[in-house]
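Enquirer: Here it is, the structure in full.
The values are calculated or read from the model by the stated rules, or taken from the named source; none is laboratory data. The shown structure was predicted, so the numbers you read here are calculated from the model rather than taken from an experiment. Glycine also receives a Cβ, built like all others from the backbone with ideal geometry; neighbour counts cover every protein chain displayed. Heavy atoms of the whole protein, side chains included, go into the accessibility calculation; ligands, DNA and RNA do not. Shrake-Rupley method; radii C 1.70, N 1.55, O 1.52, S 1.80 Å.
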Amino acid sequence: MRIFLAVWLFVVVATVSILGFRGDKSRSAPRWVFPDMDIQAKYLPQGQNEFFADERNDRPMVPGAVLRGYNSDIKEVFDGEYVFAKAENPALFTGLNESGKPVTEFPLEVTYDLVQLGQKKYTIFCQPCHGRVGDGMGITKKYGMSATPTYHDDGKRALSVGDIFNTITHGKGTMFPYGMKLNPQERWAVVAYVRALQLSQNATVNDVPTQYRKELGL
Amino acid sequence: MANIFPKWSNTAPIKILICLALTVGTVVAGVTYWATPKYLRVGYQPIQPVAFEHSLHVDQLGMDCLYCHTFVDRSEHSNVPAASTCMNCHSMVKSDSPKLAPIRNSYESGEPVPWVKIHRTPDYVYFNHSVHINRGVSCVHCHGQVNEMEEVYHAKPLSMAFCLECHRNPENFIRPIDEVTNLNFRYDSREEQIEQGTKFVHDWKVNPPQSCSGCHR
């Protein structure tokens, strides 16, 4: 009995010290206790695929491919009624007019919802550099992104909406492109929000409708 | 005639019983404690090719998860960002840091950065990020406080019981959609969470699957 108890104690202490407790940090990959069908012979997103030289399962876009739509709107894209939006309204996708110049008018209707969407996307993608109000004083300024300009000078106010759209899509100078992260609709929404920021930072008392002036103490 | 059974045999059965009970009890306790995802997965923290810190980029710089994991709200899987996303800033910020050499190489050569995958459900489970994100389920429920992690680790078991705990009572978890990527958001009290959650469940017609075919197809 005493021998058994000694062995038991030893085994328990040894197991606890080898296995540790729940939640301990570990560098080694989790063990699958019953690896039934956990790992199947199928290719998953962002997975590895030995067939290709770079072993990437997600293939980069073939040059010259024309984007018909996104996976997320797959239902519309493969519907019989689908109209190829790019043919209907090329400016919506390229920001250019027929002669290849940046458009000066929005190619879609600017609604309150669109500006709201723009604010959401601006906060995610532009605010780290351009700042909350577009003054170029985003958080990254003090870490070395000194090139970020403000939107609130005459030069930037004179930019057409097509110019801003192209800056977002293809980047400009030291700013990298955001075309892969935002679909055309969202890019126009961001442009609308940039315009709203430009208005808001260059406004006078006269721009405030009379009925709201009292509320603001003006 | 001498005794057939020596004296010690009086206590032998009880001793054998104690030994058996101890052995079986310990094995059962050990298996329930160790052979579950709560032990096997939680805490997995592989060494990544680049010492990328979520705590710095998210908490200190205030970046949103969607800046990098851009397609998590419209795709079934969440993308890990390409090197060009890092170069948006690191072409100018710390542009010669040796820690970032793999990112620069990847950006120039087009070879992907070999990030080590941490969270992985078995291949017979069909998980979808976008349905959760668009119904107010925050990253924090399934990934823990990533915004405070210097190195990401597996914080939640992601076992079937874990998924079902929420699928049975989503009102205990869901929050406004704007706050999904704000991992520090909490309602002040549990009652408020349940009250607001019940409202969202009703308004958005939230109905998470509990039948097997919802997750196993």
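Enquirer: For the protein assembly as shown, build the charge dipole from Cβ charges (+1 Lys, Arg; -1 Asp, Glu) around the Cα centre, then report which of B:Asn182, A:Val16, A:Pro102 sits farthest towards its positive end.
Expert: A:Val16
Enquirer: Which helices, taking whole DSSP H runs in chain B, have alpha carbons extending 24 angstrom or more along the helix axis plus mean Kyte-Doolittle at least 1.0? Each step should come with its number before you reach the end.
Expert: On the way: long enough: B:12-34 (32 Å, 1.70).
Helices meeting the span and hydropathy rule in chain B are B:12-34.
Enquirer: Now a separate question. Cα to Cα, under 19 Å, and not fewer than 8 places away if on the same chain: which lysines meet these conditions relative to A:Lys42?
Expert: Cross-link targets: B:Lys117.
Enquirer: Can you list the HN-Hα couplings for region A:88-93, worked out from phi with the Karplus curve (6.51, -1.76, 1.60; θ = phi - 60°), rounded to whole Hz and with x for Gly and Pro?
Expert: Once θ is set to phi - 60°, the couplings for region A:88-93 become 5, 9, x, 4, 4, 9 Hz.
Enquirer: Just checking the output field for B:110-117: average partner chain Cβ neighbours within 10 Å of each residue's Cβ?
Expert: Working: counts 3, 3, 6, 0, 2, 1, 2, 5.
Whole-number average of other-chain Cβ neighbours for B:110-117 is 3.
Enquirer: Oh, and also: Output the peptides B:41-51, A:196-206 sorted from most to least packed, where packing is the average of other Cβ atoms within 10 Å over each peptide's residues. Each step should come with its number before you reach the end.
Expert: Numbers: B:41-51: 16.5, A:196-206: 12.6.
The peptides rank, most packed first, as B:41-51, A:196-206.
Enquirer: Between A:Asp54 and A:Phe10, take the C-beta separation as r, use R0 = 51 Å, and let me know the FRET efficiency to the nearest 0.05. Walk me through the intermediate numbers first.
Expert: Values: r = 52 Å, r/R0 = 1.02.
That pair, A:Asp54 with A:Phe10, gives E of 0.50.
Enquirer: How far, in nm, would the chain grow between A:Leu216 and A:Ala158 when pulled straight, counting 0.36 nm per residue and subtracting the alpha carbon separation? Before the final figure, lay out the partial values.
Expert: Details: separation 58, 0.36 × 58 = 20.88 nm, distance 2.93 nm.
Extra length from A:Leu216 to A:Ala158 when fully extended: 18.0 nm.
Enquirer: Further, regarding this structure: To the nearest 100 Å², how much accessible surface do chains B and A cover up together, summed over both, with a 1.4 Å probe? Provide the component values of the computation, followed by the final result.
Expert: Values: alone 15040 and 17250 Å², together 27440 Å².
Chains B and A together bury approximately 4800 Å².
Enquirer: Taking the Cα centre of chain A as origin and charging only Cβ (+1 Lys, Arg; -1 Asp, Glu), how large is the dipole, in debye to the nearest 20?
Expert: Values: 25 positive and 23 negative charges, 216 e Å.
Computed charge dipole of chain A: roughly 1040 debye.
Enquirer: What does the accessible area per residue of chain B come to in Å², with a 1.4 Å probe and no ligands, DNA or RNA counted?
Expert: Working: 12700 Å² over 217 residues.
Solvent-accessible surface per residue comes out at 59 Å².
Enquirer: Still on this structure: Could you do me a favour and compute the accessible area per residue for region A:109-207, 1.4 Å probe, result in Å²?
Expert: On the way: 4980 Å² over 99 residues.
For region A:109-207, the solvent-accessible area averages 50 Å² per residue.
Enquirer: Mind checking the dipole of chain B: about its Cα centre, +1 per Lys or Arg Cβ, -1 per Asp or Glu Cβ, Debye to the nearest 20?
Expert: Values: 19 positive and 21 negative charges, 226 e Å.
Computed about the Cα centre, the dipole is about 1080 debye.
Enquirer: Right, next: Using only atoms on other chains, find how many Cβ atoms lie within 10 Å of each Cβ of peptide A:3-11 and report the average.
Expert: Numbers: counts 0, 6, 3, 0, 1, 4, 0, 0, 3.
That average works out to 2.
Enquirer: What is the set of long-range amide H partners of B:Met92 at a cut-off below 5 Å, with H atoms built 1.01 Å from backbone N?
Expert: Amide H to amide H, under 5 Å and 5 or more residues apart or across chains, B:Met92 pairs with nothing.
Enquirer: How many percent of the accessible area of the protein assembly as shown is carbon or sulfur, using a 1.4 Å probe?
Expert: On the way: 16450 of 27440 Å².
Carbon plus sulfur share of accessible area: 60 percent.
Enquirer: Taking amide hydrogens as modeled 1.01 Å from N in the peptide plane, which residues meet the under 5 Å criterion relative to A:Ser26, leaving out close sequence neighbours?
Expert: B:Tyr44, B:Gln45
Enquirer: Taking the mean number of other Cβ atoms within 10 Å as a proxy for protection, how do you rank A:21-30, B:154-163 from highest to lowest?
Expert: Values: A:21-30: 12.6, B:154-163: 17.3.
Final packing ranking: B:154-163, A:21-30.
Enquirer: To continue, here is another question. Rank-order B:56-69, A:131-144 by packing density, defined as the average count of other C-beta atoms within 10 Å over each peptide's residues, highest first.
Expert: Values: B:56-69: 18.3, A:131-144: 16.4.
Descending mean neighbour count gives B:56-69, A:131-144.
Enquirer: Counting Lys and Arg as +1 and Asp and Glu as -1, each charge on the Cβ, what is the dipole of region B:118-212 about the Cα centre in debye, to the nearest 20? Display every interim value, and only then the final one.
Expert: Working: 9 positive and 13 negative charges, 74 e Å.
Around 360 debye, computed over region B:118-212.
Enquirer: Counting helices only, and only those DSSP H runs with n ≥ 4, report the 222 nm mean residue ellipticity of chain B as the sum of -39,500 (n - 2.57) divided by its residues, in deg cm²/dmol to the nearest 500. Write down the numbers at each step before the final one.
Expert: Values: 10 runs with 85 residues, N = 217.
So the calculated ellipticity at 222 nm is -11000 deg cm²/dmol.
Enquirer: Show that you can apply the helix-only estimate: for chain A, add -39,500 (n - 2.57) for every DSSP H stretch of four or more residues, divide by all residues, and state [θ] at 222 nm to the nearest 500.
Expert: Working: 10 runs with 85 residues, N = 218.
Per the formula, -10500 deg cm²/dmol.
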